[in-house]
Amino acid sequence: MILCCGEALIDMIPTPSAADTTVMGYVPHAGGAIFNTAIALGRLGCATSMITGLSSDMFGAQLLQALETSQVATNLAVISARPTTLAFVTLSDGQARYTFYDENTAGREVKPAQMPALPDAARVVYFGGISLCNLPAAEAYVGFAESAQAAGRVVMLDPNIRGSFIRDPQAYRARLKRAIATSDIIKVSDEDLAWIYPDAPSIESALDRLLETGPVVTVLTKGSAGALARWRDGRNIDVAAPSATVVDTVGAGDTFNAGLLAALNRHGGLSRAELETMETAAFAAALGFGTKIAAVTVSRAGANPPWQHELT
């Protein structure tokens, strides 16, 4: 089982009015970086469960139904009467920007004491996103990842940094340092690297600095240019992305993460020892699968990853 630990929220997507296409309204779509990866994993047929804070309001019901429809287990979710986090999305040339409303929400107010015990069936813990930004949920997820690492599970981190959402950069950097230290796989974008290591002279040097902190492998996504993986022993893999007609990029990186984990899960590689000794060709195939399903997602409006039966 793969545990996805972090935010589930509502993306308010701008949509032309049916009565007057010059007037834009906002339509609620289930979303959140960790949520999107859980959905994609479930649709790919991976045994997946999500640990998150969900509201008992109508948006929480929408999120719960979306998870269950995509075959993601929800028995570990923390349910409360607090409101659901909302993210209003602005699209510019297909690129998404977000404005979050997250005060006193069900997702943000998850406390460390409310986190469930690590299930015996869980082989991988995946976390990151905005759920690492604000307390108390941020501490709950980092502490859970530290416990999973201590129990010998593989931990994957995607920080997916949203600088405008971080209230206390110094505290966030300290927490992110702990999160990186727990991780076996770290996936970043060039924007993430620039935020984490603003003084790094190159992307390669920033990736090396990440590797020095503990992970087995770092993965850099490069949008339409594909993805790169780098190990501590100096090995590098660079894979191209398939061509795609881009509608928007909402959920693309999250879907990539699911494809990478699903491929590693199916072919062996979800243990630290296996990651360290894996043939580069096998990991390249996993990266390629991630780029393949991400290309499907960007060809659709919103975060709508493909089902296994849709893939050729």
Per the Kirkwood treatment, what hydrodynamic radius in Å, one decimal, follows for the chain from the mean inverse distance over all distinct Cα pairs? 19.3
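Could you tell me what percent of the DSSP beta bridges with both partners in region 10-162 are antiparallel, to the nearest 5?
On the way: 14 of 27 bridges.
Percent antiparallel among DSSP bridges in region 10-162 is about 50.
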Would you grab the residues whose amide H sits under 5 Å from the one on G53? Only those 5+ places off in sequence or on another chain, please, with H modelled 1.01 Å from N. A8, V78
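Could you work out the helix-only [θ] at 222 nm for the chain, with each DSSP H run of four or more residues adding -39,500 (n - 2.57) and the total divided by the number of residues, to the nearest 500 deg cm²/dmol? Let's see the in-between values first.
Details: 9 runs with 109 residues, N = 312.
Mean residue ellipticity, 222 nm, calculated: -11000 deg cm²/dmol.
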Classify region 156-258 from the C-alpha gyration tensor, please: rounded if a/c falls under 1.5, else prolate or oblate depending on whether a/b exceeds b/c. oblate
How high is the relative contact order of region 215-312, given as a whole-number percent (alpha carbon pairs under 8 Å, six or more residues apart)? 33
Signed unit charges on C-beta, dipole axis of region 201-297, positive-most listed residue V247, N257, T213: V247
If the only charges are +1 at each Lys and Arg Cβ and -1 at each Asp and Glu Cβ, what is the size of the charge dipole of the chain around the Cα centre, to the nearest 20 debye? 340
R0 = 22 Å: FRET efficiency of D20 with A301, Cβ-based, nearest 0.05? 0.70
Kirkwood radius from Cα pairs of region 1-131 plugged into Stokes-Einstein at 20 °C, 1.002 mPa s, gives D in µm²/s equal to 140
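Quick one: dipole size for region 164-240, taken about the Cα centre, charges +1 on Lys/Arg Cβ and -1 on Asp/Glu Cβ, in debye to the nearest 20.
280
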Assign unit charges at the C-beta atoms only (+1 for Lys and Arg, -1 for Asp and Glu), then state the dipole size of region 184-312 relative to its Cα centre in Debye, rounded to the nearest 20. 340
Using amide H atoms built in the peptide plane, which far-off residues or other-chain residues are under 5 Å from T15 H to H? G25, Y26, V27
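No lab work stands behind these numbers, since they all come straight from the coordinates. Source: prediction; values computed, not measured. Note: ideal-geometry Cβ built from the backbone for every residue, glycine included; neighbour counts use all protein chains shown.
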